[in-house]
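Below is one structure; the comments refer to it alone.
The values are calculated or read from the model by the stated rules, or taken from the named source; none is laboratory data. Because the structure is a prediction, the values reported are computed rather than measured. FYI the Cβ positions are ideal-geometry reconstructions off the backbone, even for glycines, and counts take in every protein chain you see. Surface areas here come from the heavy atoms of the whole protein model, side chains and all, with no ligands, DNA or RNA. Shrake-Rupley method; radii C 1.70, N 1.55, O 1.52, S 1.80 Å.
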Amino acid sequence: LKLKWARGPVSVGCFCPEKTLRPMFERFLFPLLLVALAYAELADLEDECWGNETCSMSLRQLRGETTSSLELEDWELAEDVDVEENNATGGPYTFYVYRAKNDHNYEDTNVNMANLAGVMWYLHSEVVGHCPRKFGITRILRYKITMMPTPELLHSKKDFAPLCHFDSGACTGPKPVLDDYQKYGYVVGCDRPSFNHAAYSQATWYSFPGACPSKTFQQKQGCGEAGGECKPGEAWSRTCTWRKQFAGEITLDQLTHNYHFEDRCKKGFKEYDIAADRGQGTNYWHTRMSKHVCDRRMSWAKRVFASKAGGPHLPEAPECPYGDPKR
């Protein structure tokens, strides 16, 4: 009998006396070997995470365990959700934002970024359900933002303008946002996405206008239009409303322990199946409509960032006044 184990095939035989131990082998040991054959089918999924408590739990789904037990055991590894305070009113405000990105490096100006709940909402709703992942996303970048609303915006009793949707470096609308830049200055915008896609209750997206926000990256050269990103040492004004500082990154592999995702994807395993509301190779994305599970997922992400990137604890940005969470 040949058994295919992760470390190579192993031959198993019985050289027992015919009338003594062989019946015992056939009655007791042989059925155990059949069970071992079934578990050997998991050998192709072995990786450097094998044997690690967190990761081996994430492979239990492949052995037929229930979703509820996976959720309970997985999120017990994370700390309880922190209650985040918001920045004091009036500004300037300092907070973290996050951006899901592929392996290419380019400037993150005239883009949309999100708080941690927002980037998790985006990954869960639009990225990890694809094989390969949408846009080749492999990592989450973190930036420290310092933002100062203009007097004109504060006079409207708001800290943000409505979100500007950036595409290829250009604000594509809605059109009133471009008009707002003339009214309030080149201020940061925000919006809150629908909870009907994933239950990240505080998910918020931001728009950060840089130079020439009405032009695409290819059209910006020679453009004389101002923007809102501050130059070093520049004083706050209508054209200096925000500063950013890189504050570390983590990979999705580090977050989910789903190593060798591309190889598994080619074999038909799904990191997250929207219809089934679960994945294969990692249970990190199980259950997107439970606020409790989504909160514990974010708590784990904070732990991974603290371990891999460090950095001080920062309060959340002021609450975004735009967006209907029930839409």
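A few notes on this one:
- 5 angstrom amide H check on Asp273, placed H, neighbours 5+ away: Arg278, Gly279
- Measuring between alpha carbons in the structure, the pairs from Lys101/Lys157; Lys134/Lys215; Lys134/Lys158; Lys157/Lys302 lying more than 27 angstrom apart are Lys101/Lys157; Lys134/Lys158; Lys157/Lys302.
- Shape of region 93-238, Cα gyration tensor, a/c cut at 1.5: prolate
- Qualifying GluC sites (Glu not before Pro) in region 105-202, where qualification requires a DSSP coil assignment and no more than 11 other C-beta atoms within 10 Å, comprise Glu107.
- Loop GluC sites (Glu not before Pro), region 235-307 (other Cβ atoms within 10 Å of the site Cβ: 13 or fewer; DSSP): none
- Gyration tensor (alpha-carbon) shape descriptor, region 162-255, a/c threshold 1.5: prolate
- Solvent-accessible surface (1.4 Å probe) assigned to Met289 amounts to roughly 100 Å².
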